[in-house]
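Working notes, beginning with the structure itself.
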Amino acid sequence: CSASTNKPVLTLFTKKPCPLCDEAKEVLEPYKRRFILQEVDITLPENSAWYDKYKYDIPVFHLNGKFLMKHRVNMQKFEDQLRKLELQSE
């Protein structure tokens, strides 16, 4: 089954410390087999463009490169988008 290679990529824009990011990761824990979590530390020099964009908004989530949500995890939106991507890749 090639589904594992087609897992959606959830990008988390974060920085340390970020209690909201930790909270978001906890909320997403039950879903983690369904996506690949990629964390981007916006305080790193190579991520300065993201820092400028999101410094007041983290955590920010992109799903497969598209903006999904920020501040808090919207489970309804997350599940809907994840399901859509899963159906597309089947």
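Overview of values
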quantity	calculated
Search result, residues across segment 32-53 that are exposed (fewer than 15 other Cβ atoms within 10 Å of the Cβ) and part of a helix (DSSP H, G or I)	Lys32, Arg33, Pro45, Glu46, Ser48, Ala49, Asp52, Lys53
Given (1) charged (D, E, K, R); (2) over 28 Å from Gln88 (Cα atoms); (3) in contact with a Phe, Trp or Tyr (Cβ under 9 Å, 6 or more places away or on another chain), index of the condition Glu39 fails	(2)
Qualifying residue in segment 81-90 (condition: in a loop (DSSP other than H, G, I, E, B), at pLDDT below 95 and exposed (fewer than 13 other Cβ atoms within 10 Å of the Cβ))	yes
Tabulated pairs, segment 1-26, first charged (D, E, K, R), second open to solvent by 70 Å² or more (accessible area, probe 1.4 Å) and modelled with pLDDT of 95 or more, C-beta under 6 angstrom, 6+ apart or interchain	Lys7/Ile36; Lys15/Thr43
Residue under evaluation Arg34, criteria (1) free of Cβ contacts under 8 Å to residues at least 40 places away in the same chain; (2) farther than 17 Å from Lys16 by Cα, criterion not met	(1)
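The values are calculated or read from the model by the stated rules, or taken from the named source; none is laboratory data. It should be emphasised that the depicted structure is a prediction, and the values quoted were computed from it without experimental measurement. Neighbour counts run over all protein chains shown; Cβ positions are idealised from the backbone, glycine included. Heavy atoms of the whole protein, side chains included, go into the accessibility calculation; ligands, DNA and RNA do not. Shrake-Rupley method; radii C 1.70, N 1.55, O 1.52, S 1.80 Å.
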